[in-house]
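Below you'll find the structure, written out as structure tokens, and then a few comments.
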Amino acid sequence: MKRLLVLAVAIGSVCSLRGQTPAPVKAVDWDRLRPEILERYRALVQIDTTAGRETLAVDYLKRVLEGEGIPTRTFALDPDRANLVARLKGNGSKRPLLILAHTDVVGVQREKWPVDPFGAVIKDGYIWGRGSKDDKPVLAANLIAMLMLKRLGVQLDRDVIFLAESGEEADLTGVGINYMVREHFAEIEAEFAMTEGGGATIDGGRVTRVNIGTAEKLPARVRLVANGMAGHGSAPRLDNALVHLGAAVEKVGRWETPMRLNDTTRTYFEKLASISSPERAAIYKALLGATTAATAERFLREHSPGEYSMLRTSVVPTMLKAGVGANVIPSEAEATLDIRALPDEDVDRFYAEMAKVIADPAVKIVPIPQTRPRSPASRLDTDMYRVMEQVARTIYPGATVLPSMSTGASDQAQLRAKGIQSYGIGPASTESDALDYPAHGDVERLAESSLYPFVQYVWNVVTEIAAHR
Ligand SMILES: [Zn+2]
């Protein structure tokens, strides 16, 4: 089997990786490595890398990587917000793999924390701290993968590029991925990328479900601006800007935009049906049928906003601005719509459709400039996706693996827009822990028991896809 496979690769056939034995990489002694994994992860959580302090993490990573003979380069538009790249060279027979994570974390309100938010305190089986979920597990797992590739002298068919990037959470000045893609793309150009944007769910003490992030929606926000004549509040006017705006907001807020599935969401709902309660499974299956979809959509609209949003370009009014006095008719009124477009949406055509729904020449649609590009979904038929799926089944036996589309936005957009097939990962949490201690929440924590399998997952994917065969 193995020999046949090697032969098949040699003559250039495309072959499935299903059932293939792992790459001939020396086994890692995971029990022995545990203390180091914990130490490095905690060290990263202990560095306060709220926006503007990312270079502190870069200094640590540089010291650790270079201490083991892995050269690094730093790229900084702002010296306090550096990005770090390290590359382990392969034989060039395949195009590079990029493993990346952002170093920055969102801010903290210290009074909300039961422990020091940058203490990486271990308590009740959890490691507590800002960044403990977002994004230091990925950063630590990528670091360990680089160190072990080097220590074990793993021969590579493709370069493995490590990127620690700044400013993911708030890259208003473009110091992170935008800067790297624009000014230093050659340093990170790759066939495949792996980073945050997926995750795994623990139920009844075991991982039951692993999400591989393959797509995300595109923020395409607009302002609705209504204009009319100003006037005295005692004399009603038909062209009152507030009245026109109010009607427009109601129309778009209730607009049921067309439902459209893509490869990711179709596979996602199919697989979700196979692991859901009979009632819920019936809803997901109904979504896939032409005559039954409408009823299922209506159910999700009421009971599951996140899943409803995966079906369509969504329009959500979020802000209103109008008026200068109780007795003044304002000449202008404005609303902000948070629009999240499907990856393949023609945004200009969507705005034109929205104008027809509003059907009021007094209300203009003004697009708000976006910081992320439009990005196509990553494919499900690549070697990388197959490897990630297969490794997930090995690390988390019995789990259902499914591709997922985020309704939010991430730095994968910039990579996908440049043609890199990029996939999202994340450590496992119970649903209640993910709700009570989420990324960006008042308090953030990660189960220590989730850290080790996650590091192993990253290692296995990296060696499977990049090690020499
Ligand atoms: Zn993140």
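The values are calculated or read from the model by the stated rules, or taken from the named source; none is laboratory data. From a predicted model like this one, the values you see are computed outputs, not experimental measurements. A quick note on method: Cβ atoms are made from the backbone with ideal geometry, for glycine too, and the neighbour counts reach across all protein chains shown. Surface accessibility is based on the protein's heavy atoms, side chains included, excluding ligands, DNA and RNA. Shrake-Rupley method; radii C 1.70, N 1.55, O 1.52, S 1.80 Å.
The string of couplings for the stretch 173-179 from the Karplus curve (6.51, -1.76, 1.60, θ = phi - 60°) is 9, x, 8, x, 5, 4, 5 Hz, one whole number per residue in order, with x for Gly and Pro. Relative protection proxy for 102-114, 128-140, from highest mean packing down: 128-140, 102-114 (other beta-carbon atoms within 10 angstrom). Over the chain, DSSP H runs of length four or greater, each weighted -39,500 (n - 2.57), average out per residue to a 222 nm ellipticity of -11500 deg cm²/dmol. Give me the mean projected area, in nm² to one decimal, of the convex hull enclosing the Cα positions of the stretch 173-239. Value for the stretch 173-239: 12.1 nm².
Each peptide in 405-416, 29-40, 437-448 receives the mean, over its residues, of other Cβ atoms within 10 Å, and ordering these scores from highest gives 405-416, 437-448, 29-40.
Please compute the Cα-Cα pair-distance distribution of the stretch 423-469 with 5 Å bins starting at 0, giving whole percents from short to long. Binned Cα distances yield the sequence 5, 19, 21, 20, 14, 9, 6, 3, 1, 0. In this structure the amide hydrogen of R209, modeled in the peptide plane, comes within under 5 Å of the amide hydrogens of T201, T400, none closer than 5 places in sequence on its chain. How big, in percent, is the set of alpha carbon pairs in the stretch 61-115 lying more than 19 Å apart? Tail of P(r) above 19 Å: 52 percent of Cα pairs. Taking 1.567 mPa s as the viscosity and 4 °C as the temperature, the Stokes-Einstein diffusion coefficient of the stretch 120-163 based on its alpha-carbon Kirkwood radius rounds to 105 µm²/s. According to the calculation over all Cα-Cα pairs in the chain, the P(r) per 10 Å bin from zero is 4, 18, 27, 25, 16, 7, 3, 1, 0 %. Hey, what angle do you get for helix 30-46 against the long axis of the chain, alpha-carbon based, 0 to 90 degrees rounded to 10? Tilt relative to the chain: about 40 degrees. Our compactness index for the stretch 141-277, the C-alpha radius of gyration over the empirical 2.2 N^0.38 Å, is 1.74. Over all projection directions, the Cα-based convex hull of the stretch 232-283 averages an area of 6.6 nm².
First obtain the Kirkwood hydrodynamic radius of the stretch 223-314 from its Cα pairs, then insert it into the Stokes-Einstein equation at 25 °C and 0.890 mPa s, and state the resulting D in µm² per second as a whole number.
In µm²/s, the coefficient is 155.
If both residues of a DSSP beta bridge must be in the chain, then about 65% of such bridges are antiparallel. The stretch 343-363 and the stretch 267-321 have Cα centres separated by 23 Å. Summarising the overall dimensions of the stretch 59-150 from its C-alpha atoms, the Rg and Dmax are 16.0, 53 angstrom. Once C-alpha pairs closer than 8 Å and six or more residues apart are averaged by separation and normalised to the residue number of the stretch 92-140, the relative contact order reads 42 percent. Taken over the stretch 348-469, the convex hull of the Cα atoms encloses 184 Å³ per residue.
The alpha-carbon atoms of the stretch 218-375, seen along their principal axes, cover 62, 33, 23 angstrom, with the largest extent given first. The coefficient of translational diffusion for the stretch 346-405, derived via Stokes-Einstein from the alpha carbon Kirkwood radius under 4 °C and 1.567 mPa s, stands at 82 µm²/s. Across the cross-link table entries K94/K217; K251/K321; K133/K251; K217/K251, which are compared at the Cα atoms, the separations over 28 Å belong to K94/K217; K133/K251. Taking all protein chains together and rolling a 1.4 Å probe, T318 ends up with roughly 80 Å² accessible. What is the distance in Å between the Cα centroid of the stretch 57-105 and that of the stretch 411-435? Their Cα centres are 19 Å away from one another.
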